[in-house]
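Below is one structure; the comments refer to it alone.
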Amino acid sequence: MSPAQVFRFALAGLAANKLRSALTTLGILIGVGSVILLVAVGNGSSQSVQNAISSLGTSSITVLHTEGAVGSTSATTAFAEPQNLTVQDAQALASVQGVASVSPAVSASETLSYGASSDSASLTGTYPSYFPAEDDTLSAGAYFTTQEVNTAQDVVVLGSEAASDLFGTANPVGKSVLLAGIPFTVVGVLAEKGASGLSSADNTAVAPLTTVQDALTGFGTLNDVIVLAKSAALVDTVEGEITSILDLRHHETAADADFEVLSASSLLSTASSTAHTFTVLLGAVAAISLLVGGIGITNIMLVTVTERTREIGIRKAIGATPGVILAQFLTEATLLSMIGGALGVLAGLIGTRFQIVGVKPVLVPLSIPLALGVSVLIGLIFGGFPANRAAGMRPADALRYE
Amino acid sequence: MTGEPHPVIRLVSVVKIYGTGEAAVQALRGVSLDVVDRDYVAIMGASGSGKSTMMNIIGCLDVPGEGEFLIDGIDTSSLDEQQLAMVRNRKIGFVFQAFNLIPRMTALQNVELPLSYAGLKSAERRHRAEAALRLVGLAERMHSQPKQLSGGQQQRVAVARALVTAPALILADEPTGNLDTKASQDLMEVFDRLNAAGRTIVLITHEADVAAHAKRAIQVQDGRIVADRRVTAPGALPPLLTQPTVPS
C-alpha cells in the first residue's frame, strides 16, 4: 500500500469529523502560536532594552551624582558629607589611562520657544566631546566648539524632535530660539536617535556647559560626567579607576558614595541576562499550552479509535496489516498536529506584527522550524498510543464491537 | 497428485477453547473438514453451536487452539498477524451479516479497498472494482455511499468487495440475516451464479431455505459436526440456480 493511499485514508478519516478535527487542531494552533509569539515578545523586550542601553554608546561610562539635589545638604550623615560632583572631579578623571574624553554635564528641563511655538525640552550643558560619547550625529549645521564653551557663547544644538516641533521642515541653523527666556543661536541639529526607555532621546537641546551654568543652573554640582573609554575592552578597568579616584577625592568608601558609575556594557550584561530569563519563562509557559494541545490529540484519537473499532475490524478482515492501520492513525494524528502547527506559525507571524503590552515583538526565526518540528513530534508521540491500540486490535473482536 | 479437486480449506481435528480453568468454554471439540474447489457449502447450527468460531478460524480472524487449518494449502498456525492479514486479503472474501461497508466511502471506494491493501495501482483497482460491481448488478450505483443504498444493494456491494481480489474462498456469515425475503432471494441468486462461474463459497446460516442453495450442508452442534449431507457434486451447477446462464 502506497504512502499516498495511507495519506488519503487519513485525510478522509479527519474529514469525517470536521468540527472535532478543527477543535483538536485549535489546541495545537494556540500552543505553537503562543510559543512563537511569546518568544518574540521576550526577544523584543530584550532587544529594546539592549538598544536603549547601547544607544548610550558601548564604551561610554556615566558618573551620576547621587544623594540629594544640587547643593543639597539634607542628606548629611555622621560620616562623610555628600559632596558636589565638580568640573575639577571631571578634570581629574581625564588623567586616567585609557580615557578618550571626559564631558561634565548639567541638565534641566526648560521651555524652548521660537516665534509662537514652544515646547518643553531636556537641556544639557556640556563639552563638545559629549556628542561622540553619546553616539550623536549631526543632520545639519555643526557642534559648538571648545572655544564657544570657554567664552560661554549662547549657542545650542537641537535634538531632531525639538527641531521639528519648533521649525517643522524648515532649517533651524542660524535661527535664534528662546531657552527659558534667553536667546540662543542654533548651530546644529542632531540626527534622529529614536525612543530610549521612557522618554524620547530626540527632544533635547545641548548647549555649552559654561553658558548653561551661567544662565540657568548655577555652579553647584554637575548632574553627571560622561567618560568615553578608548575602546569597549577598556571600559571595566576605566570604571574601576574612576571609582577609586572619586572615592579618594570625596574621602568616601564604597558604602556611602555620593556618586554612581554606570557603563553601558555592565548594564547590557545585566539586562540581557534578565531578558533571557524572561524569554525562557514565556517560552516555558507557551510550551505548557503546546503540551496540553498534544494531550488533546491523544484524547481525541483515543475517542476516534474506539468509535471506529468496527471499521478497523473491517479493514483488518479485508487485508489491512497492523502496520497499515498504525500508519493510518499516526498519519491522522500527525496531520492534525501539523495543520495546527502551520496555522499556529501563521497566527504567531500575524501576532508579531502588533505591539503587545508596550513591547514590539521581534520574531526569533529559529522558533518557526522548532515549533513546526515539535508539533510533528507531538503528533507522532501523542498519536502513537491510540494508533498502536488500533493496530493491535484483534479483528474478530473488533468486528463484534457495537 | 490424483485427479481429485484441490482442497481449498482443510480443518484437521480443530479444537478451540475460550477462557481458562473453570470458566473455559470448548467452542470446537475436534472438527475435521475439507472443502474442495468450486464447492458451495452451507454450515448450519444454532447460536452457541460453534459455527461462529468455525467461521473465525476459516476466515483467518482467529487461529485454532489445537489441530491444523490450511487454506489453499497454506498452514496458518505458523503465520504472524502480518502474514494472516495478507492471507485474508488474497485468499478470502468476506460477506458479513451487517454488510460492514465503510461509511462515507462510495460503493466503488469500498470495493477498491482490498485492492488498495494488496498494493494495486489506482487504474487497475478502478477497472477491477467496476467489473465486480457490474457482476453484482450495481454498475449504476457505484458512486453512492452506503447510506444511500438499500440493505440488499449494500450487501451486493459487500459481495463485490469479497470477490474483487479473486479469492480462493468467499466466506459469508449469515449474509441474508438483515435482509427481507425479496432481497435475500436476489442475493442468493448472486451467490448461485458466482458458484456456477467457478467460485468456492462457504455460507454460515441458520436458515434452511438459504442452506438449500448449497451443494453440501453441514450441521454443527456443541462444537462438533453432527451431519454432512452432499446434494450435488462440487463440479455441478448449484441446485436452485434457475437461469443456467453465467454472467460474463
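Laboratory data are not the source of any read-out in this text; all were calculated from the coordinates shown. Here the structure is a predicted model, which is why all the values come from computation and not from measurement. Positions of Cβ are backbone-derived with ideal geometry, glycine not excepted, and every protein chain shown enters the neighbour counts.
Whole-percent P(r), chain B, all Cα pairs, 10 Å bins from 0: 7, 31, 37, 20, 4, 0. For the range B:1-121, a simple Cβ point-charge model (Lys and Arg +1, Asp and Glu -1, everything else neutral) yields a dipole of about 420 debye relative to the Cα centre. Extension gain for A:I381-A:V303 works out to 26.4 nm (0.36 nm per residue, less the C-alpha to C-alpha distance).
Could you estimate the translational diffusion coefficient of the range A:259-402 from the Stokes-Einstein equation, with Rh from the Kirkwood formula over C-alpha pairs, at 37 °C and 0.692 mPa s, in whole µm²/s?
180
Roughly how tilted is helix A:367-391, in degrees to the nearest 10 and between 0 and 90, from the longest Cα axis of chain A? Once rounded, the angle reads 20 degrees. Computed with the Debye formula from one identical point scatterer per Cα of chain A, without solvent, the log10 of I(q)/I(0) at q = 0.06, 0.07, 0.13 Å⁻¹ comes to -0.45, -0.55, -1.04. Along the axis of the charge dipole computed for the range B:132-248 (Cβ charges of +1 for Lys and Arg, -1 for Asp and Glu, origin at the Cα centre), the listed residues B:A217, B:A168, B:I204 are led at the positive end by B:A168.
When the pairs A:K18/B:K182; A:K175/A:K360; A:K316/B:K147; B:K147/B:K215 are compared against a 32 Å limit on Cα-Cα distance, A:K18/B:K182; A:K175/A:K360; B:K147/B:K215 fall above it. The ellipsoid that matches the Cα gyration tensor of the range A:67-257 has semi-axes, each √(5λ) in whole angstrom, of 31, 19, 15, with the longest given first. The residues A:Y127, A:Y114, A:Y401, when put in order of fewest to most other Cβ atoms within 10 Å, stand as A:Y401, A:Y114, A:Y127. About its Cα centre, the dipole of the protein assembly as shown is roughly 5160 debye, where the only charges are +1 on Lys and Arg Cβ and -1 on Asp and Glu Cβ. Along the axis of the charge dipole computed for the protein assembly as shown (Cβ charges of +1 for Lys and Arg, -1 for Asp and Glu, origin at the Cα centre), the listed residues A:M338, B:I57, A:V186 are led at the positive end by B:I57. Fewest neighbouring Cβ atoms within 10 Å first, the residues B:K215, B:K51, A:K230 line up as A:K230, B:K215, B:K51.
For the range B:45-118, the C-alpha radius of gyration sits at 1.26 times the compact-globule guess of 2.2 N^0.38 Å, with N the residue count. Under a 5 Å amide H cut-off, with hydrogens placed 1.01 Å from N, A:S101 pairs with A:L228 among residues at least 5 apart or on other chains. Can you find, among B:S13, B:A129, A:A286, the residue farthest towards the positive end of the dipole of the protein assembly as shown? Put +1 on the C-beta of Lys and Arg, -1 on that of Asp and Glu. The Cα lying farthest towards the positive end belongs to B:S13.
Per residue of peptide B:86-93, the mean number of Cβ atoms on other chains within 10 Å of the residue Cβ is 3.
If both residues of a DSSP beta bridge must be in the protein assembly as shown, then about 70% of such bridges are antiparallel.
Helix B:81-91 and the long axis of chain B differ in direction by around 60°, with both axes built from C-alpha atoms. Residue order for A:K193, B:K16, fewest other beta carbons within 10 angstrom first, comes to A:K193, B:K16. Rounded to the nearest 20, the Cβ-based charge dipole of the range A:67-257 about its Cα centre (Lys and Arg +1, Asp and Glu -1) stands at 440 debye.
Computed on the Cα trace of the range B:94-165, the radius of gyration divided by the Kirkwood hydrodynamic radius gives Rg/Rh = 0.92.
Relative contact order of chain A, please, whole-number percent, based on alpha carbon pairs below 8 angstrom and at least 6 residues apart.
Across chain A, relative contact order equals 31 percent.
Give the angle, between 0 and 90 degrees and rounded to the nearest 10, that separates the Cα long axis of helix A:3-15 from the longest principal axis of the Cα atoms of chain A. Between the helix axis and the principal axis of chain A, the angle is about 80 degrees.
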